[in-house]
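A.B. asks: One structure, pasted below without further comment.
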Amino acid sequence: MVDIKKLKELLKDEPSYRLRQAEKAIYKDFVSDWSIVTTLPLRLRDKLQDELTLGIPGKFFPSGKEDAVKALITLDDGFSVETVLMRYKDNRNTVCVSSQIGCQLNCLFCRTGKLGFKRNLTSEEIIDQVLFFSRYLKGRDNFITNIVFMGMGEPFLNYENVIGAIRILNDKNKFNIGARRISISTSGIPDKIKMLAKEELQINLAVSLNAPDDEIRSRLMSVNKIYPIKGVLDSVKFYTEKTRRRVMFEYLMINNLNDCTSHAKELSKLIKGMLCFVNLIPYNRDPDCKNNDLKPSTKERISEFKEILRTSGITVTERFRFGRDVRAACGQLAYEKKL
Ligand code: SAH
Ligand code: SF4
């Protein structure tokens, strides 16, 4: 891990511009070796080389089908987390970062949830995922344009560290990724949605709705038993009124479970008039998953569903699937512990 607290400690007796130079080397030049940071005097380069690693141990798994790469990054305590780079044809390079090792919420459809929860990631461990791909893209004369917190874990159950990481990503002197290019996806924790509304950050909020009523949603997402739909939608209304920013409702398309005409009509009624749009996500089946018999919706069902939302005046998009061949798609990320 690139330990910024330690960097500050090591440079505490130096003039403050030394820290700025070192941070520029890390966050703007994406160096992985202090010896090439010639803005620093040799004495400091040597000290940092000896005492502060810039190495981020990890492996790449490129998709053979889409322009996506999964990375497995090893943390200091032996856990590995997955993160994904998606390269779009319009030159966007989006990194999907993880915020926790595993997830406590155990949604029926999600592989991460099946693995259980180990711990929160620190802001630095979240940032390392972005650094890892920044270095990869630098070697290809390219750079990261967008960040989505849609990897492993529930970002709002690790709120402080996620916001801390976002401030570093957004900082002009660090990654300088515009807030409007950063998105958080949550399973819907109302008090944290309201807290985000007050942060005065121009980031995008996505809420995993996945069902038009509490009965179906609780079956899919046990978190709905604690925070049912009404409270989630009330907090989203508070958010949109305060920020004037459009919220994305993510909606997983599962065959015969939540993808019927009646569901589309119910969903339209539920969110009508809200400052929002719906992003339909074709369900990715986990090849190992034996404890559910969920199947993805057919293309026809997805088209019909879209059409009903559209005629009700709701904007709707469909998510492109990236990297299923390397298990990098939504809901397929995992972690490991090497002893
Ligand atoms: N915990 C957060 C963020 C990570 S999940 C959340 O739940 O929003 C990011 C998105 O992936 C969510 O919208 C979730 O509904 C979706 N997802 C989870 N498992 C999936 C699967 N098997 N197929 C497709 N999308 C899935
Ligand atoms: Fe956790 Fe999100 Fe997966 Fe649900 S979908 S188990 S909240 S990571």
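The values are calculated or read from the model by the stated rules, or taken from the named source; none is laboratory data. Here the structure is a predicted model, which means the values were calculated and not measured. Every residue, glycine as well, gets a Cβ built from its backbone with ideal geometry; the counts of neighbours run over all protein chains shown. Areas reflect the complete protein model, heavy atoms only, side chains present, ligands, DNA and RNA absent. Shrake-Rupley method; radii C 1.70, N 1.55, O 1.52, S 1.80 Å.
A.B. asks: Could you count how many residues in the stretch 188-233 are out of contact with any Cys (no Cβ under 7 Å at 6 or more places or on another chain), within 16 Å of ligand 2 (Cβ to nearest atom) and in a loop (DSSP other than H, G, I, E, B)?
C.D. replies: So the answer is 8.
A.B. asks: Still on this structure: From the list G139, G78, which one is open to solvent by less than 20 Å² (accessible area, probe 1.4 Å) and more than 19 Å from A165 (Cβ to Cβ)? Don't jump to the end; show me each part of the working.
C.D. replies: Numbers: G139 fails: open to solvent by less than 20 Å² (accessible area, probe 1.4 Å).
Only one candidate qualifies: G78.
A.B. asks: Quick check: is even one residue across the stretch 46-56 open to solvent by less than 70 Å² (accessible area, probe 1.4 Å), within 16 Å of ligand 1 (Cβ to nearest atom) and among the hydrophobic types (A, V, I, L, M, F, W, C)?
C.D. replies: Scanning the stretch 46-56 turns up no residue that is open to solvent by less than 70 Å² (accessible area, probe 1.4 Å), within 16 Å of ligand 1 (Cβ to nearest atom) and among the hydrophobic types (A, V, I, L, M, F, W, C).
A.B. asks: Moving on to the next point. Mind listing whichever residues of the stretch 136-183 are at pLDDT 95 or above and either among the acidic types (D, E) or on the phi > 0 side of the Ramachandran plot (or both)?
C.D. replies: If the condition is that a residue be at pLDDT 95 or above and either among the acidic types (D, E) or on the phi > 0 side of the Ramachandran plot (or both), then G153, E154, E160, D171, N176 are the ones that fit.
A.B. asks: Does the stretch 111-125 hold any residues that are touching a residue at least 60 places away in the same chain (Cβ under 8 Å), within 13 Å of ligand 2 (Cβ to nearest atom) and either aromatic (F, W, Y) or open to solvent by less than 30 Å² (accessible area, probe 1.4 Å) (or both), and which are they?
C.D. replies: T112
A.B. asks: Output the qualifying pairs, or none if there are none: Cβ atoms under 8 angstrom, residues six or more apart or on different chains, first residue in the stretch 210-229 and without any contact (Cβ under 8 Å) to a residue 40 or more places away in the chain, second residue of a type in the set (A, V, I, L, M) and part of a helix (DSSP H, G or I).
C.D. replies: D214/I229; R217/I229
A.B. asks: Ok, one more. If you take the residues of the stretch 148-177 that are in contact with a Phe, Trp or Tyr (Cβ under 6 Å, 6 or more places away or on another chain) and either more than 8 Å from ligand 1 (Cβ to nearest atom) or aromatic (F, W, Y) (or both), which of them is least open to solvent (accessible area, probe 1.4 Å)?
C.D. replies: Taking the stretch 148-177 and keeping what is in contact with a Phe, Trp or Tyr (Cβ under 6 Å, 6 or more places away or on another chain), we get 155, 169, 174-175.
From what's left, either more than 8 Å from ligand 1 (Cβ to nearest atom) or aromatic (F, W, Y) (or both): 169, 174-175.
Values: L169: 1, K174: 33, F175: 25 Å².
Once the filter is applied, the top-ranked residue is L169.
A.B. asks: Any residue in the stretch 314-339 that is within 26 Å of F117 (Cβ to Cβ) and among the acidic types (D, E) sitting within a Cβ distance under 6 Å of a residue that is away from ligand 1 (no atom under 12 Å from the Cβ) and open to solvent by less than 10 Å² (accessible area, probe 1.4 Å)? List the pairs, counting only those 6 or more apart or interchain.
C.D. replies: If the second residue must be away from ligand 1 (no atom under 12 Å from the Cβ) and open to solvent by less than 10 Å² (accessible area, probe 1.4 Å), the pairs left are E336/S80.
A.B. asks: Being closer than 13 Å to V207 by Cα, at pLDDT 95 or above, open to solvent by 50 Å² or more (accessible area, probe 1.4 Å) and not hydrophobic (A, V, I, L, M, F, W, C): is that true of K265 here?
C.D. replies: In short, no.
A.B. asks: Filter the stretch 126-164 for residues that are within 16 Å of ligand 2 (Cβ to nearest atom) and in a helix (DSSP H, G or I) and give the result. Write out each step before concluding.
C.D. replies: Taking the stretch 126-164 and keeping what is within 16 Å of ligand 2 (Cβ to nearest atom), we get 126, 129, 148-159, 161-162.
Those that are within 16 Å of ligand 2 (Cβ to nearest atom) and in a helix (DSSP H, G or I): I126, Q129, P155, F156, L157, Y159, N161, V162.
A.B. asks: Under 6 Å between Cβ atoms, at least 6 apart or on separate chains: pull out the pairs that start in the stretch 192-207 with a residue that is outside the structural domain of F149 (by TED's automatic domain parsing) and end on any residue that is loosely packed, with under 15 Cβ neighbours inside 10 Å and of a type in the set (S, T, Y).
C.D. replies: Final answer for the pair search is none.
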